[in-house]
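Report on the following structure.
The values are calculated or read from the model by the stated rules, or taken from the named source; none is laboratory data. Everything numeric in this text was worked out from a predicted model, so none of it was measured. Neighbour counts are summed over all protein chains in view; Cβ atoms, including those assigned to glycine, are modelled from backbone coordinates with ideal geometry. Please note that ligands, DNA and RNA were not included when accessible areas were found on the heavy atoms of the full protein model with its side chains. Shrake-Rupley method; radii C 1.70, N 1.55, O 1.52, S 1.80 Å.
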Amino acid sequence: MVNFFSKKFVVDGIKFDSLKEYQFYQRFIKNSGYKFVDHPSYKVLDLFSLGGWRQRGISYAPDFVVYDDDGEIKHIYDVKTSIAPQAITTGSKIRMILFQFRYRKAIEVVTPRKNDFKMVLVNFTVKDGLLDRHTKKDRHGDIKTDKKGEPMYNHYNVYKNIDYNIRDIVGW
């Protein structure tokens with residue numbers, strides 16, 4: 001269930017929308033050594049006219065954008081309370097998909113845990129080149145398959161820091 005009533009607070013001059021967002025910042029962003037910005041706004045659909053009336057555009061603001069040493073975007077993080085599909089509202093998912101289409105950058109939805117964080121990529125399908133390490137395994141270590149015999153995927157991995165390359169995961 002999505003919590004729309006979490007308390008917002010400010011630490012280090014950053015306004016956090018939730019405790020999970022603060023925890024992710026504190027454990028993985030703050031001392032990473034990378035430059036970052038919090039809550040930047042990106043236009044994903046421009047203002048347009050329809051029948052003589054102006055229609056509003058749509059913006060998307062990820063929680064954190066992390067830059068590498070060359071100033072290129074390394075990660076785009078959106079912190080949620082869970083990486084389960086029901087934790088991401090339909091409106092958020094649509095804005096994320098529009099962002100990925102327009103800017104050709106993958107959004108990483110993350111949720112912090114005690115010593116690491118889980119990550120899922122929004123709207124990627126099994127056939128889009130996700131790595132074999134994302135396959136579901138049974139208790140014996142064998143790969144689980146669906147009714148058609150296709151491998152089943154978790155679509156997330158657990159990370160201990162943000163020093164990984166998202167291109168290794170999405171394969172471009």
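Choose one answer from 120, 11, 158: the residue with the largest mean-square fluctuation in a GNM of the chain with alpha-carbon springs under 10 Å.
Of 120, 11, 158, the Gaussian network model singles out 11 as fluctuating most.
Can you give the calculated 222 nm mean residue ellipticity of the chain, where each DSSP H run of n ≥ 4 adds -39,500 (n - 2.57) and the sum is split over every residue, rounded to the nearest 500 deg cm²/dmol? Numbers along the way, then the final one.
On the way: 3 runs with 25 residues, N = 172.
About -4000 deg cm²/dmol.
Residue by residue through segment 37-46, which ³J(HN,Hα) values in whole Hz follow from phi under the Karplus form 6.51 cos²θ - 1.76 cosθ + 1.60 (θ = phi - 60°), with glycine and proline marked x?
Working through the residues one at a time gives 10, 10, 6, x, 9, 10, 6, 10, 9, 6 Hz.
Can you send over the carbon and sulfur percentage of the accessible area for the chain, probe radius 1.4 Å, protein chains only?
Numbers: 5600 of 11080 Å².
On the chain, the fraction of accessible area on carbon and sulfur atoms equals 50 percent.
Write down the accessible area per residue of the chain in Å², having rolled a 1.4 Å probe over the full set of protein chains. Before the final figure, lay out each step's value.
Values: 11080 Å² over 172 residues.
I get 64 Å² per residue for the chain.
Check which residues have an amide H placed less than 5 Å from residue 137's amide H, if you skip close sequence neighbours.
For residue 137, the qualifying residues are 144.
Report, in listed order, any pair from 30/144; 8/160; 74/148 with a Cα-Cα distance greater than 31 Å. Don't jump to the answer; show the numbers that get you there.
Values: 30/144 38 Å; 8/160 26 Å; 74/148 36 Å.
Beyond 31 Å: 30/144; 74/148.
For the residue pair residue 137 and residue 68, what label-to-label distance in nm results when each label sits 7 Å from Cα along the Cα-to-beta-carbon direction?
A separation of 2.9 nm, rounded to one decimal place.
Out of 143, 83, 162, any idea which swings most in a Gaussian network model of the chain, alpha carbons joined below 10 Å?
For the chain, modelled as a Gaussian network with Cα springs under 10 Å, the answer is 143.
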